[in-house]
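The structure appears below as structure tokens.
The values are calculated or read from the model by the stated rules, or taken from the named source; none is laboratory data. For clarity, every value in this text was computed on a predicted model and none was experimentally measured. All Cβ positions, even for glycine, are placed from backbone atoms using ideal geometry, and neighbour counts span all protein chains on display. For accessibility, only protein heavy atoms count, side chains too; no ligands or nucleic acids. Shrake-Rupley method; radii C 1.70, N 1.55, O 1.52, S 1.80 Å.
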Amino acid sequence: MNKRIITLIFALGLIFSPSVAHAELFTAHNINSQAAVLVDAQTGQVLTAKNAEQRLPIASTSKLLTIYLVELAIKNGDISANQKVKIDQATATLSNTALLASVPVKVGEILTVRELEEQALVASSNAAAYQLAVVVAGSHSRFVDMMNAQLSKWGIKNAGFSTSSGLMNSDLAAAANPKAASSAENSLSARELALVAKKTITAFPKLLEITKQARIVTPSKNGNVTIKNTNMLLTNGRGYQFEGLKTGSSPTNGETLVGLTTLAGRRVITVVIGNSLSTDGIFDDTITMLNEAKSKVQVATLAAGTRVRSTVVKYAPQTTKYPLVTKGTATLFVQKSGATHLTVATKRQFKLVAPLKQGHLVATESVRVAGNQKLNDSIDQATMPKVKLVTKHAIAEVALPVRWYRNVMEWISAHL
């Protein structure tokens, strides 16, 4: 298909792609990539973003989902990391196709699942991703169905992935997905791609032992070869320590990077999608976004024992309200400027009856940043922090005559 037609179809797809309005702490400035987002890897809290809801081709960063499903199959006992895999014809052909290959292999060559994972993540081998898909699902098309099903489980609907590698469907030639258009490319928004990364490293943190490698020695048809990781921030983090995760390159959309590093002592996920200026552009944009966030945010703690509200306790000695305090701590990013602090988001009326012990569990409630709703936006609300609310003191029960008297007065008040 003519390249201009492909580009036009892609552009129309962006115009009509699903979009949900979200807020972030601040808008990323001086970012040349089409889309970007920076999130807390623990809570999913969105710190900064640019055009983060628009779906764009994500190229080889698709392999994060591929490896997630491989690791899930290993966890479930369907395959093993040390399982030997015989390279098939479609994989060998793809691995030797100019401009699409990084580690050439030959038909019948034996590699382990772990070696294929390393090739897919570090060398960004499209052939390795394809072969892993076949190992897990029996066929590439069935594996792509699994990818779309998994995205749907995470709340990412109608993504329409077509390849395990992130290549355009037509690049797979005879092995192309018959259910997708030849020009189809895997596309996600920056927020959605960050969620894929978050889910992957949360479920399988040992994958970071692979993604943080600056180079690997891996089998090829010409014997063992040394392959450098295309993520240059692993060796030159410009003040940050990176642990991966994945780069990608699309002929229609430029360079993409999903990164993992630390900010204010916490792991954060960086995503930049669609930088067409230069190969280094994704790294420049990532550092720019991190530096801007570093100047504007800090981590705040809601300490254990913090009084967050009071409540009436029936049959307690006093008819005034009794204090409830937090059990355990919680942390979130807040702005450096202003009086932003953490609070417990609850408006529930608790029906407590004395006697109660000190530390009696009343409820488990969500922690929020007070005074700035933008800071409560998360790509994964289920992982935003919660704390237990407990009674600050033991609360005794009044004598039976007093209980009777109060009950009578309550009845009179309700019926007069």
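Miscellaneous remarks
- Protection-proxy order for peptides 182-193, 386-397, 72-83, each taking the mean of Cβ atoms within 10 Å per residue, highest first: 182-193, 386-397, 72-83
- All C-alpha to C-alpha distances of the range 216-333, sorted into 10 Å bins beginning at zero, yield P(r) values of 11, 27, 21, 14, 11, 8, 5, 2, 0 percent in whole numbers.
- Of the residues 51, 224, 253, the one that moves most in a GNM of the chain with alpha-carbon contacts below 10 Å is 224.
- For a modelled paramagnetic label at residue 182, 7 Å from Cα along Cα-to-Cβ, the residues of the range 240-275 in reach, with backbone nitrogen under 18 Å, are 251-252.
- Above-threshold pairs, the threshold being 25 Å between Cα atoms, out of 75/388; 50/228; 347/388: 75/388; 50/228
- Put simply, the amide H of residue 362, placed in the peptide plane, has neighbours under 5 Å in 389, 390, 391, leaving out anything fewer than 5 places away on its chain.
- On the principal axes of its alpha-carbon atoms, the range 101-159 has extents of 37, 23, 18 Å, going from largest to smallest.
- Net charge, residue 288 excluded, C-beta distance under 15 Å - Lys, Arg +1, Asp, Glu -1: -1
- Magnitude of the charge dipole for the range 259-416, about its Cα centre and with charges confined to Cβ atoms of Lys, Arg (+1) and Asp, Glu (-1), is about 940 debye.
- Put a plus charge on the Cβ of each Lys and Arg, a minus charge on the Cβ of each Asp and Glu, and nothing anywhere else: the dipole of the range 84-150 about its Cα centre is then about 120 debye.
- Packing, as the average of other Cβ atoms within 10 Å across residues, places the peptides 114-122, 290-298 in the order 114-122, 290-298, highest first.
- Computed from phi, the 3J(HN,Hα) profile of the range 400-414 under the Karplus parametrisation 6.51, -1.76, 1.60 (θ = phi - 60°) reads 4, x, 5, 4, 4, 4, 5, 5, 5, 5, 5, 5, 4, 5, 7 Hz, with x in place of Gly and Pro.
- Residue 333 - accessible surface, heavy atoms, 1.4 Å probe, Å² rounded to 10: 0
- Whole-Hz couplings from phi, Karplus 6.51/-1.76/1.60, listed for the range 37-53; x for Gly and Pro: 7, 10, 10, 6, 5, 7, 9, x, 4, 7, 9, 7, 7, 9, 6, 7, 9
- The packing ranking of peptides 60-68, 258-266, highest mean first, is 60-68, 258-266, where packing means the average number of other beta carbon atoms within 10 angstrom of each residue.
- As a length-normalised measure over Cα pairs under 8 Å and 6 or more apart, the relative contact order of the range 132-211 settles at 22 percent.
- Summing charges over neighbours of residue 260, with a neighbour being any other residue whose Cβ is under 9 Å away from its Cβ, gives +1 when K and R count +1 and D and E count -1.
- Straight-distance crosslink candidates among aspartates and glutamates, where the alpha carbon sits under 16 Å from residue 327 and sequence neighbours closer than 8 are dropped: 365
- Taking 0.36 nm per residue of separation and subtracting the Cα-Cα distance, full extension of the segment from residue 400 to residue 97 would add 100.4 nm.
- Between residue 382 and residue 241, residue separation times 0.36 nm minus the direct Cα-Cα distance comes to 48.0 nm.
- Extending 7 Å from Cα along the Cβ direction at residue 392 and again at residue 82 yields two label points whose distance is 5.8 nm.
- Interchain or long-range residues, amide H under 5 Å from residue 386's placed H: 367
- Cross-link table 63/336; 179/212; 157/199; 246/336; 86/212; 84/198, entries beyond 25 Å C-alpha to C-alpha: 63/336; 179/212; 246/336; 86/212; 84/198
- Taking a straight Cα-Cα cut-off under 16 Å and skipping sequence neighbours fewer than 8 places away in the same chain, the aspartates and glutamates within cross-link reach of residue 153 are 145, 192, 380.
- Distant-in-sequence amide H partners of residue 229 (H built 1.01 Å from N, under 5 Å): 215, 216
- Take every Cα pair under 8 Å whose residues are at least 6 apart in sequence, average their separation, divide by the length of the chain, and the relative contact order is 18 percent.
- Three-way shape label, the range 66-209, alpha-carbon gyration tensor, a/c 1.5: oblate
- Principal axis analysis of the Cα atoms in the range 277-361 yields extents of 71, 23, 20 Å, listed in decreasing size.
- All-pairs Cα distance distribution in the chain, expressed in whole percent, bin size 10 Å: 5, 20, 26, 20, 12, 8, 6, 3, 1, 0
- Relative contact order %, the range 249-392, counting alpha carbon pairs below 8 Å whose residues are six or more apart: 20
- Computed from backbone phi with θ = phi - 60° and the Karplus coefficients 6.51, -1.76 and 1.60, the 3J(HN,Hα) list for the range 55-61 is 6, 9, x, 10, 6, 6, 5 Hz; x is used for glycine and proline.
- Between residue 153 and residue 321, the C-beta separation translates, for a Förster distance of 41 Å, into a calculated FRET efficiency of about 0.45.
- Carbon and sulfur %, accessible surface of the chain computed with the full protein complex present, 1.4 Å: 53
- Residue-count net charge about residue 314 - beta-carbon cut-off 11 Å; Lys, Arg +1, Asp, Glu -1: +1
- In degrees, nearest ten, helix 126-137 long axis to first principal axis of the chain (Cα): 60
- The residue among 217, 398, 354 whose Cα reaches farthest toward the positive pole of the charge dipole of the chain, with charges on the beta-carbon of Lys, Arg, Asp and Glu, is 398.
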